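Trainee: Here it is, the structure, as structure tokens.
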Amino acid sequence: MSKKIYLCDINELQSGTVQKFIADGNEIALARIDNDFYAIGDRCSHANYSLSEGELLVGEKELECWKHGSTFSLISGKPTCLPATKAVPVYDVVVEGDRVMVVTS
């Protein structure tokens, strides 16, 4: 059964930034680009480093791992360059009023 879990208020995450949250035991990197929010698994599938500590590539809608440079699509979670070859989880984001929530199963 899926559930919505509150992460933050809209004004707590500025456009062009990413922040780590833990929701229902899942480490999640929440990124904001303009008024859109994206949530993917926070751990790089290549070497288990925190993706939220990497660089948000706004134009590409990707998040780059700071350790080895793999990039992951914020839409699909799939790696877009090596060395990572395995996707990370993607979570639906719901904004209700000023509250940003992620949907987990």
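What follows draws every value from the coordinates through simple rules; no lab data is involved. Treat the numbers as computed from the prediction; the structure is a model and nothing was measured. Ideal geometry is used to build each Cβ from the backbone, glycine not excepted, and the neighbour counts take in all protein chains shown.
Trainee: Could you give the nm distance between label points at Ile22 and Asp9, where each point is 7 Å from its Cα heading toward the beta carbon?
Mentor: 2.4
Trainee: First select every other residue whose beta carbon is under 9 angstrom from the beta carbon of Val100; then total the charges, Lys and Arg +1, Asp and Glu -1. Present the calculation step by step, with values, prior to reporting the outcome.
Mentor: Numbers: positive: Arg32, Arg99; negative: Asp9, Glu12, Glu96, Asp98.
Summing Lys/Arg as +1 and Asp/Glu as -1 gives -2.
Trainee: If each residue of separation counts as 0.36 nm, what is the full-extension length gain between Glu55 and Cys81 once their alpha-carbon separation is subtracted?
Mentor: On the way: separation 26, 0.36 × 26 = 9.36 nm, distance 1.43 nm.
Stretched fully, the Glu55-Cys81 segment lengthens by 7.9 nm.
Trainee: With charges only on Cβ, +1 for K and R and -1 for D and E, what is the dipole size of region 3-104 about its Cα centre, in debye, rounded to 20?
Mentor: Values: 10 positive and 15 negative charges, 79 e Å.
That gives region 3-104 a dipole magnitude of about 380 debye.
Trainee: Report the local net charge at Cys65: Lys and Arg +1, Asp and Glu -1, summed over other residues whose C-beta lies under 10 Å from its C-beta. Before the final figure, lay out each step's value.
Mentor: On the way: positive: Arg43, Lys67; negative: Glu53, Glu55, Glu64.
Once positives and negatives cancel, what remains is -1.
Trainee: Right, here's the next one. Can you find, among Leu56, Leu7, Ser70, the residue farthest towards the positive end of the dipole of the chain? Put +1 on the C-beta of Lys and Arg, -1 on that of Asp and Glu.
Mentor: Farthest towards the positive end: Ser70.
Trainee: Which whole-number percent gives the relative contact order of the chain, counting Cα pairs below 8 Å spaced six or more residues apart? Before the final figure, lay out the partial values.
Mentor: Numbers: 246 pairs, mean separation 29.6, N = 105.
It comes to 28 percent, rounded to a whole number.
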